[in-house]
Amino acid sequence: MNPEAGFETRGLNHTRDTHTVKDPDQNQNNPFQGFERRSSVTPVPEKFFTQLLPQIDHLGELKVTLYAFWALAQQQIQYPYLCRRNMLADEILLQALVQSGEDGPAALDDALRRSVERGALLQASTDTQEGQEEYYFINSTRGQEAVSAIKNGTWQPEFEPQPMLPASERLNIFILYEQNIGPLTPMIAEQLKDAEEEYPAQWIEEAFRIAVANNVRKWSYIEAILKDWQDRGKNGREHHRRTQKTEQDYRKGWFDE
C-alpha cells in the first residue's frame, strides 16, 4: 500500500503513567460473552480490509492499528490524534500488546513503528514543556492535513486526549441525568432505560455534554439530539455544514475531508 495514498473518506461500520500489565493468559478461562444488542460501532475504512490486512504480518501492529481506529473515533475534534504518553497510560492496550519477554513501552513503540512504516498511521512530533511528544494520526485526508499543518506551524494540538475508559468506569445514563439535570422520576427513569438500550453509551454522554454546554438541561433536548443522530447519521454529511447551530451541536466524522 502506498503510504501517501491513505484512507478514503467513507468507511464501513464494524462491530488507559502506569506500565504494569496483567498476565495475558488470565482471560483464557473467561471467554468473551458476545456483543450487546446495542453495542457501539467503530468506523473502519474498506481499504483496511482489502489492502492493509493482507499485508500486516505482526500481531502488535494489527492491534495498535485497530486501537487507533477505535480511539480516534471517540474524538469529536477537527484533527483526531493519539499521543504516545496517553497510550502508555492505557493498561488495556499495553496488556494486549505485551508478548513474552517484552515490556509494555517497548511493545507499544514497536507496534507504532510498524504501523507508521506500513502507512496506516502518520506520525508528527512537537516540543512541549515536558519534552518532545509524539502524535499519531490515521493516514486519511484529514490526518495528512494535520501532519502538514504541524510541520508548517499553522496548527498544534490544543489539548491532550485522555485515555479511553472501560465501559465499567463510564457514567451510566441515570447518573448523568441526576448530575446534570435533576432528580429522577419513575416516568423519566423509564425513558432513560429505553434510551440506554436504543443508543450507544458514547452518544448519550456526548449529548449530555452538548446540553450542558448550551445550558439546555432538559431530557427532551438530549433525546432530540440522539434521535437526530440516529435518523441522519451522527457523522453523516448532513452535519458537515458549518452553520452556527451545527458548529455547536455536531462534529465532523473523522474520516471526512
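The numbers here are math on the coordinates, done by the rules we state, and not lab data. Quick caveat: nothing in here was measured; it's all calculated off a predicted structure. FYI the Cβ positions are ideal-geometry reconstructions off the backbone, even for glycines, and counts take in every protein chain you see.
Numerical summary
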item	result
Loop GluC sites (Glu not before Pro), region 66-145, which have at most 14 other Cβ atoms in a 10 Å radius of their Cβ (DSSP)	Glu102, Glu130
At R0 = 25 Å, FRET efficiency that the Cβ-Cβ distance of Lys193 and Ala213 yields, to 0.05	0.50
Efficiency of FRET between Gln230 and Thr50 - r from beta-carbon atoms, R0 25 angstrom, step 0.05	0.30
Sorted by Cβ neighbour density within 10 Å, fewest at the top, the residues Ile175, Ile150	Ile175, Ile150
Gain on full stretching of the segment that runs from Trp70 to Phe32 - 0.36 nm per residue minus C-alpha separation	11.8 nm
For Tyr221, Tyr199, Tyr136, order by how many other beta-carbon atoms lie within 10 Å, fewest first	Tyr221, Tyr199, Tyr136
